[in-house]
Amino acid sequence: MKVKSLHIYGYGKLIDFQIREISSLQIIYGENEAGKSTIMSFIHSILFGFPSKQQAILRYEPKRHSAYGGRLILETSTHGEVVIERVKGKSSGDVSIILEDGTRGGEELLSNLLEGMDKAMYQSIFSFNLHGLQEVQRIKGDEIGRYLIAAGTIGTDMLLSAEQLFQKELDQLFKPSGRKPRLNEQIKVLREQEKELKNAKQQNAQYEAILLKKETIERNIAKIEIELRKDEQELQNGKELLRKWPLIYENNQLQSRIKEIGSIQFPANGLARYETNLDKIVTISSRISGIKERIRQTHRLLKDHAFIDAFQPMMVRAEKMINEWSYFQHLETVIATLQRKKIDCNERIEAICQELHYPIGGHFREVNLSIDIKGRIKDLLNQDVRLDSKLGEIRTQIIQAMNKQKKMENICQEIELTLLPENEFKQLQIEKQDWENTEQLRKEKKDNEKELELLLKNEARSKHLKKKERDQAYARTGVFLIISIGLLIWTLSSSQWVMSTFAAIALAFSILSLNTMRKNNATSPQESERLKQRIQVLSNTLSKRNTGMDDSLKRYEEQVRLREEWKNSYSLLEQHKQQINELREQEQKSADLYYENQLKLQEIRDELGLVQNFSVSRLDDAYELLLELSQLIKTKAKTKDELKEYLQRHEQWISTLSELSHAAGIEFEEPGVTFFQLKKIFKQEQEKTIIQKELTGKLLELTDEARPLEFELEQYQSSLSKLQTLAEVDCEEEFRKKAREFEELTKMQERVAMLTAQLGSNLPDTARMSKSDEEIKERLIALKEKNKKTSVQLDELRSELASVRHQLQLLEEGGSYTEKLHRFHQLRSIFNEESRNWARIAIAKSLVQKIMDNYKKERFPKVVKKAQEYMAFLTDGEYTRLTFLPEGSLVVESSDGVLFDPAELSQGTGEQLYTALRFALVQVLKGDYPFPIIIDDGFVNFDYVRTQKVLRLIEKVSETTQILLFTCHEHIRNHFQDESIVSLPGKKEQLIVNNQ
């Protein structure tokens, strides 16, 4: 789990405060009162709820703002990105969770995400501050070791403090040899009161008989209770026997196998002794062979008196090679480191290739991974989301518009069904027009009568007009017309618009004059006849006008209304069609833009070399992985070149060593062995001059040295023969075979002993009375029935005892005996209550001890192993080992093998040990609880060197576990890169930020 970002709506003095990108190692730097503790408390509150008003913990409610709460964005391995938001509501606040797949939830989902982790447990394990380090110095003596063990198992000394508190309360209640504890004092008072009570009993004669009866009943009850307890015990034993029946069966099988093998005659620790004698014989034989060989060499040297000819010219090179041995070891260390680095790169490259569907082991082409590509991906993905959303909105609008269109089509169809045919409507229209235009018809008739009268006058006048005058008039008008036409054509062609206007007016006047003359001269009897007929029709029509047109008028008005309504509906229908067409165009444009955006994303995907089925929505993740892949490939290439260079140096060194060893007559084996042989020969060659002088004396010494070795060899060979005789064998193979049989028998006997310890001394004997587990089950059923009957009998006796006690009570009411008896029972009741309280505390202490022991057995060894690595790193190898002793104590071993109790360490070393244990505990628990670590200025007492060490350890741990380090110390901040640091504003800066 990793905190990616946080947004504080309002918490303490922080209002609308954000940290957007939180890295795996995030340094939050700020002065005192800058808000570091507020941010830490905010993280705890979002995850585990706001503190209640009844708690002593600060709630950090803003004083000058109404918002209270905020949001955390987490990155988890199981649910992806998780948004946790908690705001003011109930006591702990109202929380809402949004998972990456859209799932929403509340406190229950949050509890599942946190895997049952509560605030106290988180703060004790993952919140790290100066208080824990100071506790190391506060506790003295033997308690330091116990405190460190507690810190390495559950992260806090809570159980240790609880155990100490329980022990203190037990000591206040009771001590075996004490006088002042309350139970000790009450026992003394009870004994004195019991003596006085017995004396008072003897004063009542009747009391004795009833008391005798009471005692008889009590004895019977006690007897039945003993029998019942015995049966209960037998029942428990039977259940225990049934539960451990598989172990009993295994024990019986082993016993049978042991009997089957029988006893084996074999000397105690025979195989080890045999091996020792063999080793001694081999060693002594080797030494004797060596001495004889040295004697032969001495003889040869005495004979030869010469150096190794091939090696002498290389003495200088050999000396240089011997001095470069540490350089060769350094080469091997560097090669191993580079090979491991190369493997790590390959593994990470393979993982990234699998995720990106790249061919594993293939050639990776160069792709553009510039910041511009990253920006394009981000812009295109945002545009993709916007276009998809817009396209969905347009399609919703199209559906709505189509529904409206269909509705209007239905309305238009309903209206069309009620409309009359067009010819009937026109007839109604004509009838209405005729009815409404009666006055117009009268006027038309009057006008026609006047026109007929004028025509008749013109005919009469035209008859008297002379033909010459008519011809002259036509000629004048014709000439004027021709001139007007010519002038109009000329003015239009020469663009003289004023003259063309005048010419057009003249042309119109000429045409009008000719038309008038034609009408005046062309009036014929047919026109007069037509006017007369029209006048007759109008007269007939006017005479037929009556009131029978009302129904037609109503039908006409209804049809007009329906047609108007149809026009309006049809107009709305056309508008909806137009709207749909416009929305279709918008949809097509948006779809084109969306497709174009998809093509651009696919182009980037192709540029990045991703497969076709790779989702373009994950291009931002792919970019980050490709960026990492590119860096890994460069690192791998660089590592490969470095490895090649160091391997060449290594091979060159080996080649030189081989050449020197060949010259020295040494068979080249492993470089280390060959080197030391070469070194030995080099030294021998240097000392050969002195050896030549001492050869004669040495020969005598070698002879004397071989003589006692030969005698010792005979002794060991004799011992070996005796061992074979004791084992009753003749050769080594038979001896080893018998040793294996003896070992098998020993292991079976040890297993039998272990089973006997687990089963107890009585359980196997009890098991022999049962043939099978079915028989045990039947016996248990019978015991339960018997116990039921015994319990009924016991209840009857207890009822009778109650009656007898009542009689005794009546006898005891009138005297001092009653008061003493009351006092005695009162004291015994108080004593019983105190005893039960002591038992409860003792059980609680036992449970706490068992919990701590369980943690010590299961979790603490893993923590110690990891803490040992961290401790060696923090102390530069000064303390290399942590040991958890069987008696439950922790010791620290220095590099020279000296063991230290934690109380013997200095303050700084003790704090380093505590730090190593806490980090180790987090690493051991990260599989089950992968939570980030929060550190609040935990290393202010460290000197510069120790501070640098612990900061490098933090960097190492942050590779697998996120760490949020809060500090107000500039030297700690300066240790880290700027990109991993968030600086909180001071008081003045905060005021400016809040105002903004």
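The values are calculated or read from the model by the stated rules, or taken from the named source; none is laboratory data. Remember, it's a predicted structure, so these values are computed and weren't measured experimentally. Glycine also receives a Cβ, built like all others from the backbone with ideal geometry; neighbour counts cover every protein chain displayed.
Overview of values
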{"read-out": "Looking only at segment 86-105, and only at residues there that are out of contact with any Gly (no Cβ under 7 Å at 6 or more places or on another chain) and not in a loop (DSSP other than H, G, I, E, B), the one that is nearest to SER66 (Cα to Cα)", "value": "ASP94"}
{"read-out": "Conditions (1) modelled with pLDDT of 70 or more; (2) under 30 Å from LYS198 (Cβ atoms); (3) over 60 Å from the mean Cα position of the chain (by Cα); number of the one not met by SER829", "value": "(3)"}
{"read-out": "Matching option when the condition is of a type outside the set (Asp, Glu), within 30 Å of GLN329 (Cβ to Cβ), assigned to a helix (DSSP H, G or I) and over 43 Å from the mean Cα position of the chain (by Cα), among LYS636, LYS683", "value": "LYS683"}
{"read-out": "Which listed residue, of GLU705, GLU710, GLU694, GLU669, is surrounded by fewer than 12 Cβ atoms within 10 Å (Cβ to Cβ) and at negative phi", "value": "GLU669"}
{"read-out": "From the options ARG376, ARG296, residue that is part of a helix (DSSP H, G or I) and at pLDDT below 80", "value": "ARG376"}
{"read-out": "Residue check for GLU705: touching a helix residue (DSSP H, G or I) at 6+ places or on another chain (Cβ under 9 Å), of a type outside the set (Ser, Thr, Tyr) and within 30 Å of ILE377 (Cβ to Cβ)", "value": "no"}
{"read-out": "So ILE8, is it surrounded by 18 or more Cβ atoms within 10 Å (Cβ to Cβ), over 16 Å from ASP118 (Cα atoms), in contact with a Gly (Cβ under 7 Å, 6 or more places away or on another chain) and at pLDDT 90 or above", "value": "yes"}
{"read-out": "Any hit, segment 629-647, residues being in contact (Cβ under 8 Å) with a residue 40 or more places away in the chain and surrounded by fewer than 13 Cβ atoms within 10 Å (Cβ to Cβ)", "value": "no"}
{"read-out": "Selection status of ARG461, under 19 Å from SER513 (Cβ atoms), in the same structural domain as VAL537 (by TED's automatic domain parsing) and at pLDDT below 65", "value": "yes"}
{"read-out": "Residue ID - surrounded by the fewest Cβ atoms within 10 Å (Cβ to Cβ), chosen from residues in segment 672-685 that are in contact (Cβ under 8 Å) with a residue 60 or more places away in the chain and not hydrophobic (A, V, I, L, M, F, W, C)", "value": "LYS679"}
{"read-out": "Some residue of segment 1-8 being of a type in the set (S, T, N, Q), within 26 Å of GLU970 (Cβ to Cβ) and within 21 Å of the chain's Cα centre (by Cα)", "value": "yes"}
{"read-out": "Meets criteria (in the same structural domain as GLN977 (by TED's automatic domain parsing) and either buried (at least 17 other Cβ atoms within 10 Å of the Cβ) or under 25 Å from ILE963 (Cβ atoms) (or both)) for GLU115", "value": "yes"}
{"read-out": "Hey, SER617 over 22 Å from LEU369 (Cβ atoms), of a type in the set (Ser, Thr, Tyr) and either at pLDDT 80 or above or surrounded by fewer than 17 Cβ atoms within 10 Å (Cβ to Cβ) (or both) or not", "value": "no"}
